[in-house]
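K.L.:
Sharing a structure below in structure tokens format, with a few things to ask.
The values are calculated or read from the model by the stated rules, or taken from the named source; none is laboratory data. For clarity, every value in this text was computed on a predicted model and none was experimentally measured. Every residue, glycine among them, receives a Cβ derived from its backbone with ideal geometry; neighbour counts consider all protein chains shown. We work out accessible area using only protein heavy atoms, side chains counted, and drop any ligands, DNA or RNA first. Shrake-Rupley method; radii C 1.70, N 1.55, O 1.52, S 1.80 Å.
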Amino acid sequence: MKMVKKTVSTKKKLNLSKNKKKSNKNPKNDSKYATIFEDDEFSDQKDSEPSDVEDLNAELEKEDESDNDNIEKESDEEVDDQEISVETEDDIEKHKQSLAKLKQTDPEFYKFLEENDKKLLKFNLSDEESEGDDESQGVHVPDGNLEVASDESDFEDVDGEDSKESNAITLKLLRKWQNDIRTDKTNKTLNILAQALHAALLRVSPDDNDGAPTFKVEGSAVFNAVVQLCVLEFGPAVRRFLGLSPGSKQHPHKCKKFIKIKKILKSYFDDLLKLLSGVASANIQTVLLKHLHFMSSMLASFPHSSKSILKQLIKIWGTADEGVRVIAFFCILRITRNDQASHLNTVLKSMYMTYVKNSKFVSTSTLASINFMRRSLVEMFALDLNEAYQHVFLYIRQLAIHLRNAITTNKKENIQAVYNWQYVNSLKLWGNLLCVTCNKPQLQQLVYPLVQVCLGTLKLVPTAQYYPLRFHVTQILMELSRDVDVFIPVLPFIVDVLNSYDFNKKHQRVSMKPLHFTCLLRLSKSQLGENGFKDTLIDTIYSQLLDYMTQQSHSISFPELSFICRVQMKEFLKKCKNANYSRKMKQVLEKIEQNAQFIENERKKVTLSLKDFKQIEGWESQVRNKGTPLSIYHESWSKMRNQKKRKEITNNEELGDYKLPTLKKSKVSSGELSEKKKKEGPVELFPSDSEEEEEVGIKRKRGKRGGKNINKVMNFNEPINSTQEDIVEDIDVNDW
């Protein structure tokens, strides 16, 4: 290698000397070397004498001669090296023989070399000679007995240990656990499944506080299989281990073997809570909630875990999909019943707050969920009426305080605290609860304060803007009066609308869709000017009048009760100029007068004492069973109304009106066709679809370019002039 480097350096020097000579001869022509010399140390001496250049060349020639002498010396050294290589081969053979003797003389040292330094025993040639041998031997041929790499090799240990010894969970191992848990009478497999679920959750959300997990869950298939195995097999295995029958109500902590699986169940419920709070899919939530419903009887032994699980279940009950809400409520109901003394108080508070929080906005999409929450919450309050009384009293009192502040201060903020959906939905909740528990005396004392709050709400802002809220509250009072069997003066608030609003006023806008008060509390100015507002207002008054008067139709005091109402309705009929509105109100008035006449006739038949309440109640029940004219009409009318509501929900009318076009081929002979043409006259080339254009003549409007003679009557039934020739022209693409 030294020899090669020296030869390269000499060549560079020789080339440099030649180039310098050329540059001296033609300094102007060679620009490259001109720039090189400008950058050189001697660039300042451009005008040097030629003797200096000759001295430099002489020195270079001396160096070349010395280099040639070195080359000759190195060639002599190569010959000497060849002689040395022959001697080294003899030394290798001698070394091998000495190693063979070492094996016999000192076997322990030879064994030590085999274990620690095998390269010393397997003596090879030097690197330079081995490179030469490789070139002579050619391409290396691999051995034919090579193993193919597999995907499982990534999971194997470096030392070649079995995959069974690793902590990675496989599907094959899960099948083994599934078979073991069905036959295992110990808690070993239960502990393994609980640890596997914990490891699966650590894969999704790792916890820094936990140490290294016992198992590793890798891949979504294994994760789903672990959860599925726990959902299907863990609950029945716990029951088998504790010796609980499927229908037994015994708490797990009363069993003898409960101590062995107490920690397992505690960690399992904690992991199940984490999984339930992190899942967003409705299908997976349904599966987990069904599993929790099966395991809910065991939560009575873990009060701390059950409180956190109830908190999550109430959140799901208030915000999840419809199917998930139902299962979550069943879980809440079952867990609360198992330990009612410790859970009912907190469950009622948190469920009511969740109901109020999620009933802030009412629309067609949220109405069903709000109604479900209200009914299920009524069922929860009905579990223990003595406990429920304290909550209901405080919440009705809170509503009354808001109403009192709105009446006394008369500020916009305080009025808005009453006139909103949360306030109205709270009134509906307590009204429904008192209607359901009307047969039990625990909550009967709360009927009067609730009625007073509702009447005060109606009187707060009695304007046309809040007519929808008025009808919502009157509906609450009507249901309460019907179920609790208490007289509530609702009729004046319904009939008063007929005289307080001017139905003869012309509407400013025409609404294409009908206006419904179901999801409204307040009307805007534009909605008040629509024709749909007055139509909906009359329909609502009509339906509520019929409902309330039908409830009182069997009362002995019906003629006196309906007297003022009949007077106000007659005044309305005198003022009203709209035929549709007056026709509806006249129909209700006729039915009310007919029922009043019926009650008067029935009263004349019997002599009753006004002090004898039992006799009066007996007479009223007899009249109710017999049937009144108003109740008979209301029954037929309610069927029609319910049918109409179902059509509006399902849009059956729109689907029925939508008719697909059909082609019907009529088989008519040529003779019949000619006779039809003669009878019908000339065929229209462009028949019109509109009814207005079916007339013989259509006047054409005068356009911007039209003249005075444009507005002429044009008859399309006139025969076409046969003398005119048809002109056929080809269409040019440029004309488009």
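K.L.:
Mind checking which residues of the range 250-272 are within 30 Å of the chain's Cα centre (by Cα), open to solvent by less than 40 Å² (accessible area, probe 1.4 Å) and not aliphatic (A, V, I, L, M)?
P.N.:
TYR268, PHE269, ASP271
K.L.:
In addition: LEU610 is checked against (1) open to solvent by less than 40 Å² (accessible area, probe 1.4 Å); (2) at pLDDT below 90; (3) among the hydrophobic types (A, V, I, L, M, F, W, C) and fails just one. What number does that condition carry?
P.N.:
With respect to (1) open to solvent by less than 40 Å² (accessible area, probe 1.4 Å); (2) at pLDDT below 90; (3) among the hydrophobic types (A, V, I, L, M, F, W, C), LEU610 is out only on (1).
K.L.:
Here's something else I'd like to know. For the range 518-527, give me each residue that is over 29 Å from the mean Cα position of the chain (by Cα), surrounded by 13 or more Cβ atoms within 10 Å (Cβ to Cβ) and part of a loop (DSSP other than H, G, I, E, B).
P.N.:
ARG522, LEU523
K.L.:
OK, next. Pick from LYS188, LYS119, LYS176: which is open to solvent by 70 Å² or more (accessible area, probe 1.4 Å), of a type in the set (Lys, Arg) and modelled with pLDDT under 75?
P.N.:
The conditions single out LYS119.
K.L.:
When you scan the range 374-390, do you find a residue that is under 21 Å from LYS315 (Cα atoms), among the hydroxyl-bearing types (Ser, Thr, Tyr) and free of Cβ contacts under 8 Å to residues at least 60 places away in the same chain, even just one?
P.N.:
Within the range 374-390, one or more residues are under 21 Å from LYS315 (Cα atoms), among the hydroxyl-bearing types (Ser, Thr, Tyr) and free of Cβ contacts under 8 Å to residues at least 60 places away in the same chain.
K.L.:
Follow-up question, since we're still on this one. Could you check how many residues of the range 496-517 are more than 26 Å from GLN422 (Cα to Cα), of a type in the set (A, V, I, L, M) and within 42 Å of the chain's Cα centre (by Cα)?
P.N.:
Qualifying residue count, the range 496-517: 2.
K.L.:
For the condition touching a His at 6+ places or on another chain (Cβ under 9 Å) and open to solvent by less than 20 Å² (accessible area, probe 1.4 Å), what is the one hit in VAL378, VAL424?
P.N.:
Unique residue meeting the criteria: VAL424.
K.L.:
When both residues are 6+ apart or on different chains and their Cβ atoms are under 6 Å apart, which pairs have a first residue that lies in the range 270-287 and is farther than 16 Å from HIS198 by Cβ and free of Cβ contacts under 8 Å to residues at least 24 places away in the same chain, and a second that is open to solvent by less than 30 Å² (accessible area, probe 1.4 Å) and part of a helix (DSSP H, G or I)?
P.N.:
Taking only residues 6 or more apart or on different chains, the pairs are VAL279/GLN285.
K.L.:
Count, please, the residues in the range 196-205 that happen to be in contact (Cβ under 8 Å) with a residue 40 or more places away in the chain and buried (at least 19 other Cβ atoms within 10 Å of the Cβ).
P.N.:
3
K.L.:
If ARG337 passes every condition in (1) within 29 Å of HIS516 (Cα to Cα); (2) open to solvent by 10 Å² or more (accessible area, probe 1.4 Å) but one, which one does it miss?
P.N.:
The number of the failed condition is (1).
K.L.:
In the range 623-640, is there at least one residue being farther than 16 Å from GLN544 by Cα, open to solvent by 40 Å² or more (accessible area, probe 1.4 Å) and touching a residue at least 60 places away in the same chain (Cβ under 8 Å)?
P.N.:
Within the range 623-640, one or more residues are farther than 16 Å from GLN544 by Cα, open to solvent by 40 Å² or more (accessible area, probe 1.4 Å) and touching a residue at least 60 places away in the same chain (Cβ under 8 Å).
K.L.:
In addition: Could you tell me whether SER301 is over 19 Å from LEU433 (Cβ atoms) and surrounded by 19 or more Cβ atoms within 10 Å (Cβ to Cβ)?
P.N.:
Yes: the conditions hold for SER301.
K.L.:
If you don't mind, there's one more thing I want to ask. Which pairs do you get when a residue that is open to solvent by less than 100 Å² (accessible area, probe 1.4 Å), found in the range 354-365, comes within reach of a residue that is part of a loop (DSSP other than H, G, I, E, B), reach meaning Cβ atoms under 9 angstrom, with the pair 6+ apart or on two chains?
P.N.:
Hits for this filter: ASN358/THR366; SER359/THR366; VAL362/THR518; VAL362/CYS519; VAL362/LEU520; VAL362/LEU521; SER363/CYS519.
K.L.:
Let me spell it out: the conditions are (1) in a helix (DSSP H, G or I); (2) farther than 20 Å from LEU480 by Cα, and LEU383 meets all of them except one. Which number is the exception?
P.N.:
(1)
K.L.:
Which members of the range 406-421 meet the condition of being open to solvent by less than 60 Å² (accessible area, probe 1.4 Å) and without any contact (Cβ under 8 Å) to a residue 60 or more places away in the chain?
P.N.:
Across the range 406-421, the qualifying residues are ALA406, ASN414, ILE415, ALA417, VAL418.
K.L.:
Of the residues in the range 235-249, how many are closer than 17 Å to ASP339 by Cα and open to solvent by less than 90 Å² (accessible area, probe 1.4 Å)?
P.N.:
1
K.L.:
Let me ask something else. Has the range 273-294 got at least one residue that is open to solvent by less than 60 Å² (accessible area, probe 1.4 Å) and closer than 19 Å to LYS188 by Cβ?
P.N.:
no
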